[in-house]
Amino acid sequence: MLQIKPILAALKRHKAGTVLIALQIALTLAIVCNALFIIQQRTEHLSRPTGMTETNLLTVANRWVGADDKATPSLGKTDLEALRRMPGVVDATLTNSYPLRGGGWSTSVNTTPEAKKEMAHTTLYFTDDHALAAMGAKLVAGRNFRPSEIEWVDAKEFQTTPVVIVTKALADKLYPDGSALGKVLYHSGHTKPSTIIGIVERLQVPWTGTWASNFAENTILIPRLLTGNFGSYLVRTQPGQLERLTKAVPKLLIQTNRMRVIPEERGVRTFAQVREQAYKSDRGMAILMGVVCAVLLAITAAGIVGLTSFWVGQRRKQIGVRRALGATKHDILSYFLTENLLIGAGGVIVGAALAIGMNLWLVSHFEMERLSLLYVAAGVIALLLLGQGAVLAPAMKASRVPPVEATRSV
Amino acid sequence: MFAYYFQLGLRSLRRNPLLTALMVMAIGFGVAASMITYSVFRATSNNPIPQKSDQLYAVQIANWKAEDLDQGEPPPALTYTDAMAFMQAHKAKRQTALYPIAPSVIPADASRLPIEENSYAWYGDAFAMFDIPFLYGGPWTQAQDDARAAVVVIGKKLNDKLFNGKDSVGKTINLDGHDYRITGVIGEWDPQPLFFDPVNTGGFGDPIGLFIPFTRAIDLQMTTAGNNNCNETPGTGWDNWLHSECIWIEYWAELPTQADADAYKRWLTGYAAEQQRAGRFKWAPNVRLRNVTEWLDFQKVVPPESKISLLVSLGFLLICLVNTIGLLLAKFMRRSPEIGVRRALGASRREIYAQFLIEAGTVGLTGGVLGLLLTGLGVLGVGWVFDEQIARLATLDVSLIALTIVAAVLATLLAAFYPTWRAAQVQPAWQLKSN
Amino acid sequence: MLKMTHLSKVYRTEVVETYALRDFNINVKEGEFVAVTGPSGSGKTTFLTIAGLLETFTGGHYHLDGIEVSQLNDNARSKIRNEKIGFIFQAFNLIPDLNVYDNVEVPLRYRGMKAAERKQRIMDALERVGLASRAKHYPAELSGGQQQRVAIARALAGSPRLLLADEPTGNLDTQMARGVMELLEEIHREGATIVMVTHDPELAARAQRNVHIIDGQVVDLAEEPRFHAHNARVADA
């Protein structure tokens, strides 16, 4: 860093090139920081566990055709019995929704009946005593539903149930001291309490969007099966049986009763497919941003190489003179590295401001969080290193200019 | 002269292959990224019914107290009570209430499985309101609406499946065990976004292939296949729900002139005031009339992914341009001696401008061709990032091809202005000056 | 043909003003072959750049072919350079990316000439300098003498009235220099006006008239011997 002053003087004579490189670094920093941040936000919940054992799990969407609401319980029972009897099936359950499904029932709950403000937002899964086994959810306290507690109910008639199972996240939210088991909760607008008889370690809500992120693990299992035309079967298979059952289950259901529709698209899905489809846009966005970042950094590096090479070519004679006057190869090398560092420093200062500005704009227009300064710092370091790396080749070339260049006329 | 400069430009491309490759790639990638994301943005921000988008209005009314509203906006759907009051008032040229239903078609042939079809329950007016083309027959009549008739309009796909594409008007189909007489078969009708119901479709989806009268669907107690929002428990049973403050119906009015719209809004406000007087609303009238574009905008039909990725891509293009400015500057300044000689030999500044801008144009053109290839690949890959229903709308059509090339050339010319200006400043040179 | 009266050229930097030419007077008649000599830094090259309309001047008058050029804009100056003046540079100044044919074509292109006429003129000019067979070669593939002959062909192709040459043989060996000189003499015999700057007294001697420049002023050996003697004394002292 011994030669900062002469370098600055030289840069003044290459204003355009200097400004262009600095500007490019600044813009690249702004975009890369925000893109990386988007990647992080998008991938963060990609890896969020659902609380279910996701292997060997099959989902089947079912719709009865021409069946009266009052007839559906017996139809559903027949289906469930047939499914549970199938070779290779561990257990099966019926539910209105399940984690990552995309649609479901949400409501707010409270620990007192009259409280006006909601204490927690939560999703409701209407299902039976086979749910925990079929889902592969882990009960950490209390007990499962008893078969006798399961009833069928019309969604429009549903009020409350005497017992519920909740997730640990919801239990802790309602009773932060950890004493939720055996206590009660109220659905908003209702005065009949529901006693918490069991707590599962984790069970995610059906939604993956940002709007659901503040209650992502607030779930209540209701020991009621909904009458009506819609429902999803969750089928847990023995290891190695999933592929076979993916074809066999819908076949069996059609055999059991043909007056139904299992949608062609997304009707029968392994849970791996459910997960893939639920996070498709998140993963796609992360990939897109990743590609943009990579190409962007490559183009910026290439731009620096291009312009610096041009400068080196322009200054061959000058470099020769310096060499003739006793500059070592190392001196020349460090000259160009320092020069780049100075330009880069200018660029990243502007770039950091741009990055934060761009993020603030995104925050105000989209559902996005504030950019962590850590990302800006990492981006600054990455771009300075990128600049140094890019300038290395042309700088090496410059350092190899022989002193005799000084005597050449052109 | 253009041909000459173009030829010089092409030759110059070959001279510094590395520098050229860099610029072409920067332009190509920058333009391709912008075009791919633009193709999605264009599809999602499309006006699905341009000829009538300013005559069709979505109707909203605040039937909930202010605390239950989102930033003071009336809910995006209506109660059955209000929708029926509006239908009966009949204040617009045409009007319809609508909601998605999920009936299954039971084929007459018992060996075939039931068929699921995207379906809506609405009024006969809707077909004319939304400019829906008919292949055979036509919509059902207002009298049939009033009579709660068992009639149906089906789409071409279903008609092909059930009647091998033949004119099926007057024939009967069975939905969930009830027979319906076909009054018409519609042709191609696939507005995207699905402007009449973004609330339940998210804006994009497969074409709708089956329609029955709203009144009939209510009689059969068909629940909505879309969203149902209640701010308080409706009580048990169908009738309680139907007459509750739960919202689940979309409502559209056709108002051909601004005066019609103003009059309708006045009437709507009057209706809300009446409800307030009657004690149903305990708040001042809060109503909205939004035309198609305003409605789609309000419903945020363009996914944030589309906007963000378009923005990031444009930023990317900007960086590529800054990069190109630098590289062009290096490329042009390296040729100062040549410029000096050309000037000495009688080239005016204008001619230097022309030569170098055209040279930049050839770079842009080459970048555009690369960009086109990448855009083609990218459009194929849109399904990786966006929902299939949106991805299928992003296509590489003639206008996008032209836009890609034009954008690449224009962007490069823009980037070339400063370097060319510098080139034109080179003095006519007597001798090669070295520094 | 070329007449400068009381012409001056000042280079200004932030700190100093340097007179490159001061009260400079010269009159070259149509059809003359004038050699301009002088020590380095005397202002020869500045004179030539101004004569060739490559640079503007600070004061005085310059009539080229009867036209006062000081008020002309860039476009008009470009046009005059293109149509009336031919340049021969010491460093040849061929465009390395263009082959011989295309190099000669450059000034004709700017004149907006038809393709057929361009071709005719280019081949004539190359014939003239004996390089017609090398039309498709690139400058780098030619010897220095050949390159200079291409440069001369380029200057000739546009049939300029005035040929300006700056040390045309400066980068050539004796034999090649002789060839180039003979070519210039031939062109002169055909009626062109030639102004040649040179260091070489032998070359200068072959011109019709010698003009000597010292410290930015003309010492015309033919017209003003007295003045020359005065200046020479100054130089001696």
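Cysteines in chain B lacking any other cysteine Cβ under 4.7 Å from their own Cβ: B:CYS320.
Could you please rank B:TYR353, A:TYR98, A:TYR233, A:TYR186, placing first whichever residue has the fewest other Cβ atoms within 10 Å of its Cβ?
Numbers: B:TYR353 17, A:TYR98 27, A:TYR233 23, A:TYR186 20.
Ascending Cβ contact count within 10 Å gives the list B:TYR353, A:TYR186, A:TYR233, A:TYR98.
Mean partner shielding of peptide A:254-264, defined as the number of other chain Cβ atoms within 10 Å of each residue Cβ, is 3.
With the contact rule set at Cα under 8 Å and sequence spacing of 6 or more, what percent relative contact order holds for chain A?
Details: 722 pairs, mean separation 113.1, N = 410.
The normalised contact order for chain A reaches 28 percent.
Within chain A, the ratio Rg/Rh, alpha carbon atoms throughout and Rh by Kirkwood, equals 1.23.
Counting charges near B:ALA110 (Lys, Arg +1; Asp, Glu -1) among other residues having Cβ under 15 Å from its Cβ returns a value of +2.
Between the C-alpha center of segment A:125-167 and that of segment B:203-235 there is a gap of 28 Å. Residues whose amide H comes within less than 5 Å of that of C:LEU21, counting only those at least five positions distant or on another chain, are C:LYS9 (H built at 1.01 Å from N in the peptide plane).
Dividing the alpha-carbon radius of gyration of segment A:1-131 by 2.2 N^0.38 Å (N being the number of residues), what value is obtained?
Working: Rg = 29.9 Å, N = 131, 2.2 N^0.38 = 14.0 Å.
Dividing the Cα Rg of segment A:1-131 by 2.2 N^0.38 Å gives 2.13.
Cβ crowding within 10 Å ranks B:LEU194, C:LEU48 as C:LEU48, B:LEU194, fewest other Cβ atoms first. The spacing between segment A:270-287 and segment B:292-325, judged by their C-alpha centroids, is 23 Å.
Backbone phi angles across segment B:316-325, fed through the Karplus curve with coefficients 6.51, -1.76 and 1.60 (θ = phi - 60°), yield HN-Hα couplings of 4, 4, 4, 4, 4, 5, 4, 4, 5, 4 Hz in residue order; Gly and Pro are listed as x. With a 10 Å cut-off around each Cβ of B:336-343, the average count of Cβ atoms from other chains is 5.
Compute the whole-percent fraction of alpha carbon pairs in the protein assembly as shown spaced more than 55 Å apart. Roughly 41 percent, rounded to a whole number. Note on chain B: Rg/Rh from Cα positions, Kirkwood definition for Rh, rounded to two decimals, is 1.17.
Average partner chain C-beta neighbours within 10 Å, per residue of C:49-56? Each step should come with its number before you reach the end.
On the way: counts 6, 0, 0, 3, 3, 7, 3, 0.
So the per-residue partner count for this stretch is 3.
Explain nothing, just the number: relative contact order of segment B:56-298, from Cα pairs under 8 Å at least 6 residues apart, as a whole percent.
It comes to 32 percent, rounded to a whole number.
Treating each Cα of segment C:39-189 as an identical point scatterer and summing with the Debye formula, the log10 of I(q)/I(0) at q = 0.12, 0.17, 0.19, 0.20 Å⁻¹ comes to -0.52, -1.01, -1.21, -1.29.
Counting Lys and Arg as +1 and Asp and Glu as -1 over every other residue whose Cβ lies under 10 Å from the Cβ of A:PRO223, the net charge comes to -2. The C-alpha radius of gyration of segment A:57-278, expressed as a fraction of 2.2 N^0.38 Å, stands at 1.01.
Computed 3J(HN,Hα) for segment A:86-93, one whole-Hz value per residue from the Karplus formula 6.51 cos²θ - 1.76 cosθ + 1.60 where θ = phi - 60°, is 4, x, x, 8, 7, 6, 8, 9, glycine and proline marked x. From the alpha carbon centroid of segment C:104-118 to that of segment A:301-357 is 43 Å. In terms of its alpha-carbon gyration tensor, segment B:56-298 comes out prolate; a/c meets the 1.5 threshold, and the first ratio a/b outweighs b/c.
Just to verify a number: FRET efficiency for B:ALA108 and B:THR395, C-beta to C-beta distance, R0 = 35 Å, to 0.05?
Values: r = 38 Å, r/R0 = 1.08.
Efficiency, from the Cβ-Cβ distance: 0.40.
For C:VAL36, nonlocal amide neighbours, meaning residues 5 or more places apart or on other chains whose placed amide H falls under 5 Å from its own, are C:MET196, C:VAL197, C:THR198, C:VAL211. Over chain B, Cα pairs under 8 Å with separation of 6+ residues give a relative contact order of 28 percent.
Sort B:THR215, A:THR123 by Cβ crowding within 10 Å, fewest neighbours at the top. Write out the running numbers ahead of the final one.
Working: B:THR215 18, A:THR123 26.
In order of increasing Cβ crowding within 10 Å: B:THR215, A:THR123.
Per-residue ellipticity at 222 nm computed for chain A from its helices equals -16000 deg cm²/dmol, with DSSP H segments shorter than 4 residues left out and the rest contributing -39,500 (n - 2.57).
Highest mobility in the GNM of chain A, judged by mean-square fluctuation with C-alpha springs under 10 Å and restricted to A:ALA301, A:ALA216, A:ALA324, is found for A:ALA324. Between A:PHE37, A:PHE158, A:PHE271, the GNM of chain A built on Cα springs shorter than 10 angstrom shows A:PHE158 fluctuating the most.
Computed from backbone phi, the HN-Hα couplings of segment C:4-13 come to 10, 10, 6, 6, 9, 9, 10, 9, 10, 10 Hz, rounded to whole numbers (Karplus: 6.51 cos²θ - 1.76 cosθ + 1.60, θ = phi - 60°; Gly and Pro given as x). Judged by the mean number of other Cβ atoms found within 10 Å, the most tightly packed of the peptides C:208-217, C:145-154 leads the ranking C:145-154, C:208-217.
The angle between the Cα long axis of helix A:242-256 and the longest principal axis of the Cα atoms of chain A comes to about 40 degrees, rounded to the nearest 10.
For trypsin sites (Lys or Arg not before Pro), the sites in segment C:10-112 that DSSP calls loop and that have at most 12 other Cβ atoms within 10 Å are C:LYS29. Annotation: peptides C:53-64, B:308-319, ranked by per-residue average of other Cβ atoms within 10 Å with the highest first, follow the order B:308-319, C:53-64.
Read the figures in this text as sums done on the coordinates, not as results from a lab. As the structure is a computational prediction, the values presented were derived from the model and not from experiment. Positions of Cβ are generated from backbone atoms using ideal geometry, with glycine treated the same way; all protein chains shown enter the neighbour counts.
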